[in-house]
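Here is the structure we will look at.
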Amino acid sequence: MFNIFEYPFAGIGIAVLSMMVFWLYNAFYPAGRKWWHFTVPFIIASSAFATAFFVQTDKEKIQAVVYIGIKAFEKRDIKPVNEIVADDYNDFSCSSKEQLLAYCRTLFQFAAVEKVTIFSREIKVYGQRGIFKAEMMVKFAEDSDIAEAGKTFMIVKARFYFKKIPQGKWVIYNSEILELDRQPVNWNQLRG
């Protein structure tokens, strides 16, 4: 469904249409020309951009949470990860938030990340639930065990499941790794 808060193009289209209407009106009725006729389209276009900029949609909030997680991995900081993960987190490999955080701490050492670049993403929101699926390139830090073993980057496809908690904040309650270097993989293979 089209969301005016994500795309200012509808407002821009209305602004262009209103400019054409005022231009035609002024062309056929020059006596009715007013100074404010040509300010209306600029006000509409400005309002469209302001609305898109200042109103954050659920999809944008979910994306912001993902970027917080990415930055946390790049900085090897567990505190932001703790804040974006639900207290009742549970996936196939980690049965609690504490287990996931311990796993992340291990990853900070073993697979230290220097940079994550998202190639493609798909965000779906279903009421109070959301799914973020992405394919990204993970560049490992030189001091990570993986880079020292000769693997400097990896293509990762993952899916994160979100829920909106009562405070209006989106948190991750489940996740799964779908592919590593375009090869299907699951949590058992990663933990084993």
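Computed from the coordinates by the stated procedures, all read-outs in this text should not be read as laboratory data. Bear in mind the structure is a predicted one, so any value in this text is a computation, not a measurement. All Cβ positions, glycine included, derive from the backbone under ideal geometry; neighbour counts span all protein chains shown.
For segment 58-124, the square roots a ≥ b ≥ c of the C-alpha gyration tensor eigenvalues yield an a/c of 1.5 or more together with a/b not exceeding b/c, which makes the shape oblate. Percent of Cα-Cα pairs per 10 Å bin, from 0 to the last occupied bin, for segment 1-96, please list those. Each 10 Å bin holds this share of Cα pairs: 14, 25, 20, 16, 11, 8, 5, 1. For the chain, the relative contact order is 16 percent, taking Cα pairs closer than 8 Å that sit 6 or more residues apart in sequence and dividing their mean separation by the residue count.
Looking at the chain, the DSSP beta bridges with both ends there are about 95 percent antiparallel.
For segment 18-126, applying the loop criterion from DSSP together with a ceiling of 16 other beta carbons within 10 Å to the trypsin sites (Lys or Arg not before Pro) yields ARG33, LYS34, ARG76. In straight-distance terms, cross-link reach from LYS97 covers every one of the aspartates and glutamates whose alpha-carbon lies under 12 Å from its own, apart from those fewer than eight places away in the same chain; here that gives GLU83, ASP87, ASP88. Each of LEU100, LEU107 was scored by other Cβ atoms within 10 Å of its Cβ. Arranged with the fewest first, they read LEU107, LEU100. Each eigenvalue of the Cα gyration tensor of the chain, multiplied by 5 and square-rooted, gives one semi-axis; in descending order these are 47, 18, 14 Å. Note on ILE78 and PHE28: the extension gain reaches 11.4 nm, defined as 0.36 nm multiplied by sequence separation minus the Cα-Cα distance.
When the GluC sites (Glu not before Pro) in segment 1-93 are filtered for DSSP coil states and for at most 15 other beta-carbon atoms within 10 Å of their beta-carbon, the remaining sites are GLU6. Semi-axes of the equivalent ellipsoid of segment 9-54 are 24, 10, 4 Å, computed as sqrt(5λ) over the eigenvalues of the C-alpha gyration tensor in descending order.
Shown is the FRET efficiency for ARG182 and ASP143, computed with R0 = 41 Å from the Cβ-Cβ distance and rounded to the nearest 0.05: 0.95.
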